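The values are calculated or read from the model by the stated rules, or taken from the named source; none is laboratory data. Because the structure is predicted, anything quoted here is derived from the model rather than measured. Positions of Cβ are backbone-derived with ideal geometry, glycine not excepted, and every protein chain shown enters the neighbour counts.
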């Protein structure tokens, strides 16, 4: 039995790799700086031994290979021992590509926004059609309850992240996946800690496109000029485009209802109508992309469209955390101005004139660097009240003035560096019928439960 030892095992992606490796028959051990539930529980239930910290003594485990997560950098004591002794190591994405994906028909979902949601949609469409796909998704799809699995069937859905692979491999993770079906959802500047500008990200997407075979399929968002520019650099694979009714495309959304149902058109011909419990223009486009990708592996559009009636959004995607005194608290992963805009707009359409209280923590690496701060006010324009939180110290501290950035919103926006004060301010403002929309790509200090407790 081959033995792998995973450094940085408790992240969603590396934890997913651990689960898949275990299912594939490997002995799996791993370590991380913080080994705690729920990920530690999930891994231990699968028989995976966890070690807290990166002590160099772990080389005595003598695995066949050390699998290195993105969180590991030079100076890490275990990594330094591996390098000093010339022991075999490999990145998580490369290991996955070489040992799992090489035998699979890979359906990869790439883009600045919507990767987790679209991947979960696509995996569900294949599952509901009886294709039993494997998958690795950067969140927990509610239709499955797990973020990763390996099956004996040929199809594998993966969230194809453009973030860099490892400290020793600065290519995007997705270049290791070799997809046959690739969804290109959108393309904007993000990850300012990794990429200098949009052109640098486009180069990585071009590298992905170079790996897709001639008998594969590229499913591209026709609204995105940056994607068109990328594909113009060279594409050796058939391209099909999707869009809403405003933009010419092979596949289109039409006749959106007040309940967020919509028609699906292919070359102008009606394929069916999606009825589901999901909001927002961005999610309609995500769904359309998933329908097109599923068709490439044999799922008829009519079948996929019907499957959406049974689809459930992943955790942290407009997830209702609770309702207290007729006040609803949502949790959403939105952390980029474009995603914030569409998330607020989707909720606005759903709740009409009800007040939306937006509670925001701009803590992504890009946001912390202040690259997108000027776009924040416009992205929150549809909210009735805005409560922003920025830590004043520690690893999540903002390097810019949040209050100043939100000032174009006037009196309806306030900024805090104390979570207790923010919760009290929201409580003081909230009234029956309000919708409290919490947006962050982190834990946000458990603010969702704190709000529910305060409002009770």
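At-a-glance table
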read-out: Residue list for region 204-219, filter: touching a helix residue (DSSP H, G or I) at 6+ places or on another chain (Cβ under 8 Å), farther than 17 Å from residue 293 by Cβ and at pLDDT 95 or above; value: 206, 207
read-out: Near pairs, Cβ below 9 angstrom, 6+ apart or cross-chain, from region 220-240 (in the same structural domain as residue 201 (by TED's automatic domain parsing) and in contact (Cβ under 8 Å) with a residue 60 or more places away in the chain) to any residue that is in a loop (DSSP other than H, G, I, E, B) and exposed (fewer than 15 other Cβ atoms within 10 Å of the Cβ); value: 223/246; 223/247
read-out: Conditions (1) under 26 Å from residue 150 (Cβ atoms); (2) surrounded by fewer than 18 Cβ atoms within 10 Å (Cβ to Cβ); (3) free of Cβ contacts under 8 Å to residues at least 40 places away in the same chain: number failed by residue 23; value: (3)
read-out: Yes/no for residue 208 being assigned to a helix (DSSP H, G or I) and closer than 28 Å to residue 155 by Cβ; value: yes
read-out: Residue in region 104-115 that is outside the structural domain of residue 9 (by TED's automatic domain parsing), closer than 29 Å to residue 33 by Cα and not in a loop (DSSP other than H, G, I, E, B) present; value: yes
read-out: Failed item in (1) under 22 Å from residue 349 (Cα atoms); (2) buried (at least 19 other Cβ atoms within 10 Å of the Cβ), with residue 389 passing the rest; value: (1)
read-out: Within region 420-443, tally of residues that are in contact with a strand residue (DSSP E or B) (Cβ under 9 Å, 6 or more places away or on another chain), more than 13 Å from residue 329 (Cβ to Cβ) and in a helix (DSSP H, G or I); value: 3
read-out: Condition broken by residue 366, with the remaining ones in (1) more than 30 Å from residue 353 (Cα to Cα); (2) modelled with pLDDT of 75 or more; (3) part of a helix (DSSP H, G or I) satisfied; value: (2)
read-out: Criterion: farther than 21 Å from residue 330 by Cβ, touching a helix residue (DSSP H, G or I) at 6+ places or on another chain (Cβ under 8 Å) and outside any helix (DSSP H, G or I) - qualifying residue of 382, 396; value: 396
read-out: Criterion: buried (at least 20 other Cβ atoms within 10 Å of the Cβ) and free of Cβ contacts under 8 Å to residues at least 24 places away in the same chain - qualifying residue of 156, 135; value: 135
